[in-house]
Amino acid sequence: MTTRNRQNLFRGILIVTPLLLIGLAEIIFRVVGIWAPEPVIVEVPGTSGQTIEFNIHAGRRYFSDRQTAVPMLAPEVFPKSKTSTTFRILCLGESSTAGFPYDCQVPFPWQLGRILTEAYPDRKIEVLNAGMSAISSYVIVDMLPELLEAGPDLVLVYAGHDEFYGAYGSASALSRGNNDLLVRASLAVQKTHVGQMIRRTIDALRPEPPDSTPADTLMQRVVGDQNIALGSPQYLATMEAFRKNLGRIADACAARKVPVLFSTVVSNDRDLPPFAGTGGDSPARVRELLQAGDKALKSGDATRAARGYADVLTIDPTNADALYGSARLLFAAGDSNGARKRFLDARDHDRMRFRASTGANGIIAAVAKEKGAWLVDLADILSARSPARTIGREWICDHLHPDARGYYMLAVAFSVGIQRMHLLPAPAPGFRLRQDPYGVTPLDRAIGLAKVSPTMRRWPFTPETVTPDTALAHEDSACVRIAMEYVRTHGVWSRAHADMALSWMHRKHWEAARRECEAIALFVPADPWPYRMMAETYRQQMRWDLCAEALEQAAHRSRQQGMLLYELGLARMQSGDTRGAIDAMTTAVQAPEFSRDERANARYHLAGLLADDGRPDEAKRVLRSLLTDLPSFEPARILLARLEGIQQ
């Protein structure tokens with residue numbers, strides 16, 4: 001062997017040996033079962049693999065709890081195998097897909113499921129929410145192969161705001177992604193046991209993070225670079241990575257023959273000033289002119305304000321603060337077209353890139369067209385329903401997250417888009433889109449305000465930013481108290497709505513109480529409690545037919561039906577349905593959970609109903625049996641004596 005060959009062999013050994021050791025370690029870790037990466041989908045225990053769910057802790061693959069609060073996936077539970085009538089939709093995206101700052105029934109995937117369920121009652125509609133806060137499109141691409149194992153019939157993508165500051169975003173302080181190849185390689189390594197060992201070891205060596213609220217964690221700690229100019233190399237590289245990732249999503253779905261529905265994204269462009277509208281390197285003269293313009297605007301001197309902003313834009317045509325100030329002037333003057341252009345320019349030139357730019361939405365539309373995917377232009381749809389065709393706080397609760405009404409509008413737009421794709425037959429005859437979201441009450445609005453308000457009182461929002469505090473002050477005081485208890489203390493959504501229902505009932509606001517109960521019934525359809533409470537509101541109003549209907553629903557969902565059937569019998573008796581009351585009471589007396597006294601009361605009422613129905617002999621048999629078991633039950637003895645006296 002020549003010297004050169006020996007050198008090449010030695011180099012080969014140096015390269016291969018570490019790889020072999022890493023491979024051996026991976027095999028050992030897998031066999032032993034340690035350092036396993038978090039899966040995206042897991043089996044539900046006790047279902048023999050027939051039921052699966054999203055792993056709420058999948059975010060640990062991308063976030064360290066030593067750096068920030070780890071965002072979670074929604075706990076979606078669904079059958080592993082679909083039926084012939086199932087239509088399953090997978091929703092991908094960031095915090096707006098997850099539904100921040102709301103929970104449970106407010107996010108658009110849940111509202112979309114309700115719309116489609118009503119439109120297609122013969123189909124089993126499943127809408128799975130795979131949104132996760134603070135993730136870039138790299139994370140979506142990384143999770144997608146596992147999510148596609150859920151067998152979706154449609155993938156819906158609403159993403160684009162977190163390309164800079166989300167996990168693996170180009171300007172993220174948590175896990176920066178400046179190189180496409182390196183980011184993808186890093187994500188691939190994270191899926192191995194060795195990769196997890198390395199990551200968790202590094203995390204263990206990190207110092208404990210300072211105390212912080214979740215809002216601080218995800219809003220303040222993700223920001224790395226705060227000065228990214230429109231059209232800069234970093235901006236352009238990030239948009240190119242976004243374009244590639246959207247294409248990867250479309251290609252992965254096409255390989256599985258799953259259609260894709262993309263959507264443009266929306267933000268608060270009219271009622272939120274730029275986060276970083278003036279660069280740190282701007283001349284002092286620019287700052288002086290801006291201050292003069294802002295002061296004149298606050299004082300109502302539109303002429304001086306316009307002159308100040310114009311002078312700034314003469315020096316720096318991309319100054320987002322001046323663009324925003326002049327947009328407000330144009331809006332106040334009724335120049336809708338001019339105001340819209342300036343508002344969007346201000347957003348696009350905001351150097352702190354929390355909100356997706358016009359260019360990002362253009363990329364979404366272009367990729368959809370290039371890949372033969374479908375597109376819902378939500379930015380255009382909501383703009384058309386906004387003053388000056390510019391989206392503001394009539395749809396958005398902070399900088400980019402829709403409010404409850406806004407989320408419902410997203411669901412409506414997606415439902416229309418799905419109908420146009422002809423993946424489903426025509427909707428049921430008579431189906432009409434409703435005006436208001438399903439199961440959303442003032443309590444949900446208060447919960448959202450309570451969650452987002454602390455965020456908007458802190459950096460990067462400015463003191464001039466309109467916060468939700470004022471809106472909270474106008475809500476019902478009990479509603480605000482219960483919302484705060486939910487956010488700060490227990491975090492149990494159904495408990496909060498139950499507390500709100502009881503509060504309304506205590507004040508005899510029966511309709512408001514029923515709305516809270518209906519919200520629980522929609523989101524937790526197997527729970528009998530809300531139907532029983534609805535029955536109580538109808539009983540208080542002596543609306544006996546509706547009381548009986550609610551009790552029937554409660555009994556259908558309850559394992560212990562005795563008392564519900566007993567109350568149902570009484571409600572039917574009050575409504576004049578004696579035969580129905582007898583049926584309910586006959587079943588109630590057989591309830592195994594009844595105490596001796598409860599069963600005696602049910603038998604006594606059954607006897608009375610039988611007597612009212614012209615069946616005295618049956619009534620007397622029931623009473624005699626009752627007195628044999630409980631001789632001290634005096635009302636039964638009196639009724640029996642009366643019946644015997646009448647017969648004689």
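Grab the other residues whose beta carbon is less than 11 angstrom from that of residue 228, score K and R as +1, D and E as -1, and report the net.
Taking every other residue near residue 228 into account, the sum is -1.
Solvent-accessible area per residue for the range 23-153 at a 1.4 Å probe radius, Å²? Write out the running numbers ahead of the final one.
On the way: 4890 Å² over 131 residues.
Per-residue accessible area for the range 23-153 comes out at 37 Å².
With every protein chain present, what accessible area does residue 56 have (1.4 Å probe, heavy atoms only), rounded to the nearest 10 Å²?
My reading of the accessible area for residue 56 is about 60 Å².
For the residue pair residue 624 and residue 182, what label-to-label distance in nm results when each label sits 7 Å from Cα along the Cα-to-beta-carbon direction?
Here the answer is 9.4 nm between the modelled labels.
Taking the convex hull of the alpha carbon atoms in the range 555-636, what volume per residue do you get, in Å³?
In the range 555-636, the Cα hull volume divided by residue count equals 77 Å³.
Using 1/(1 + (r/R0)^6) with R0 = 56 angstrom and r between the beta carbons of residue 436 and residue 637, what's the FRET efficiency to the nearest 0.05?
On the way: r = 55 Å, r/R0 = 0.99.
E(calc), rounded to 0.05, equals 0.50.
So for the range 593-648, Kirkwood radius off the Cα pairs, Stokes-Einstein at 20 °C and 1.002 mPa s: how many µm² s⁻¹? Please report the intermediate quantities before stating the final value.
Numbers: Rh = 11.1 Å.
Translational D for this selection: 194 µm²/s.
As an exercise, use a Förster radius of 60 Å and the Cβ-Cβ distance of residue 578 and residue 282 to find the FRET efficiency, rounded to the nearest 0.05. Before the final figure, lay out each step's value.
On the way: r = 84 Å, r/R0 = 1.39.
According to the calculation, E is roughly 0.10.
Please work out the FRET efficiency for the pair residue 36 and residue 522, using the Cβ-Cβ distance as r and a Förster radius of 45 Å; give the result to the nearest 0.05. Display every interim value, and only then the final one.
On the way: r = 37 Å, r/R0 = 0.82.
That gives a FRET efficiency of 0.75.
For the chain, what is the charge dipole size about the Cα centre, in debye to the nearest 20, if Lys and Arg each add +1 at the Cβ and Asp and Glu each add -1 at the Cβ? Present the calculation step by step, with values, prior to reporting the outcome.
On the way: 76 positive and 73 negative charges, 247 e Å.
Taking the Cα centre of the chain as origin, the dipole is about 1180 debye.
Using only Cα atoms and rounding to the nearest 10 degrees, what angle (0 to 90) does helix 284-299 make with the longest principal axis of the chain?
In the chain, helix 284-299 runs at an angle near 30 degrees to the longest axis.
State the extension gain, in nm to one decimal, for the chain segment bounded by residue 86 and residue 481, taking 0.36 nm per residue of separation less the distance between their alpha-carbons. Before the final figure, lay out the partial values.
Values: separation 395, 0.36 × 395 = 142.20 nm, distance 4.08 nm.
Fully extending the segment from residue 86 to residue 481 adds 138.1 nm.
Near residue 371, within a Cβ-to-Cβ distance under 13 Å, what is the net charge of the other residues, with Lys and Arg +1 and Asp and Glu -1? Display every interim value, and only then the final one.
On the way: positive: 243, 244, 248, 369; negative: 251, 370.
Net charge in that neighbourhood comes out at +2.
What distance in nm separates the two pseudo spin-label positions at residue 542 and residue 202, each 7 Å out from Cα along the beta-carbon direction?
7.3
With axes computed from alpha carbons, what is the tilt in degrees of helix 578-588 against the longest principal axis of the chain, rounded to the nearest 10 within 0 to 90?
Roughly 80 degrees between the two axes.
Once you place label points 7 Å from the Cα toward the Cβ at residue 590 and residue 43, how far apart are they in nm?
Here the modelled spin labels are 3.9 nm apart.
Just subtract the alpha-carbon distance of residue 28 and residue 509 from 0.36 nm times their residue separation and send over the number in nm, one decimal. Numbers along the way, then the final one.
Numbers: separation 481, 0.36 × 481 = 173.16 nm, distance 6.40 nm.
Length gained, residue 28 through residue 509: 166.8 nm.
Output the peptides 256-263, 269-276 sorted from most to least packed, where packing is the average of other Cβ atoms within 10 Å over each peptide's residues. Display every interim value, and only then the final one.
Values: 256-263: 19.5, 269-276: 22.5.
Most protected by this proxy first, the peptides run 269-276, 256-263.
Please go through the residue pairs 257/369; 191/257; 124/369; 257/371 and name each one whose alpha carbons sit more than 19 Å apart in this structure.
Values: 257/369 17 Å; 191/257 25 Å; 124/369 30 Å; 257/371 13 Å.
Over 19 Å apart, Cα to Cα: 191/257; 124/369.
For the chain, what log10 I(q)/I(0) values come out of the Debye formula at q = 0.07, 0.08, 0.09 1/Å, with one point per alpha carbon and no solvent?
Result of the Debye calculation: -0.59, -0.73, -0.86.
Could you name the lysines whose alpha carbon sits less than 29 Å from that of residue 295, not counting residues in the same chain fewer than 8 places away?
341
The values are calculated or read from the model by the stated rules, or taken from the named source; none is laboratory data. All of these numbers come straight from a predicted model, not from anything done at the bench. With ideal geometry, Cβ positions are generated from the backbone for all residues, glycine too; neighbour counts draw on all protein chains shown. Side chains are part of the model used for accessible areas, which takes the heavy atoms of the whole protein and leaves out ligands, DNA and RNA. Shrake-Rupley method; radii C 1.70, N 1.55, O 1.52, S 1.80 Å.
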